Amino acid sequence: MRLAIFCTVSLLAGCGEPTPQADMPARDWRYYVANPGEIEPMQKICREWAGSSAPSDTQPAVVTTNCRAAAFAKSQIAMKPKD
């Protein structure tokens, strides 16, 4: 019975959720413009962090930097005139 209560409390508190991926090199927007196939996987990680129960101030700086770089690169690619 105690275990059931503990599991329920842990689940409600978000303790059972794993922390999203954060082990990655820092990238700038030029990397993502040169490697557009990397934008969506990075944005998936960004969405996982945004949807996690972890406090926003615990998000690693590399994740914040890469999320912003990927978003900016995506906007630059979208504005680039098509030949």
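The values are calculated or read from the model by the stated rules, or taken from the named source; none is laboratory data. What you are looking at is a predicted structure, and each value in this text was computed from that prediction instead of being measured. Cβ coordinates were reconstructed from backbone atoms using ideal geometry, including for glycine residues, and neighbour counts include every protein chain displayed.
Quick look at the values:
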quantity	calculated
Residue that is farthest from the chain's Cα centre (by Cα) [pool: residues in segment 39-62 that are surrounded by fewer than 16 Cβ atoms within 10 Å (Cβ to Cβ) and within 24 Å of K80 (Cα to Cα)]	E40
Segment 63-74, subset under 14 Å from A22 (Cβ atoms) and of a type in the set (A, V, I, L, M, F, W, C), residue surrounded by the most Cβ atoms within 10 Å (Cβ to Cβ)	V63
Count - residues of segment 31-83 that are polar (S, T, N, Q) and at pLDDT 95 or above	6
Cβ pairs under 8 Å, 6+ apart, first in segment 51-62 and without any contact (Cβ under 8 Å) to a residue 60 or more places away in the chain, second surrounded by 11 or more Cβ atoms within 10 Å (Cβ to Cβ) and among the acidic types (D, E)	S52/E17; S53/E17
Given (1) crowded, with 16+ Cβ neighbours inside 10 Å; (2) among the aliphatic types (A, V, I, L, M); (3) over 10 Å from P20 (Cα atoms), number of the condition A78 does not satisfy	(1)
Filter result for A13 (exposed (fewer than 13 other Cβ atoms within 10 Å of the Cβ), modelled with pLDDT of 95 or more and not hydroxyl-bearing (S, T, Y))	no
Of all residues making up segment 58-74, the number that are in a helix (DSSP H, G or I) and in contact with a helix residue (DSSP H, G or I) (Cβ under 9 Å, 6 or more places away or on another chain)	11
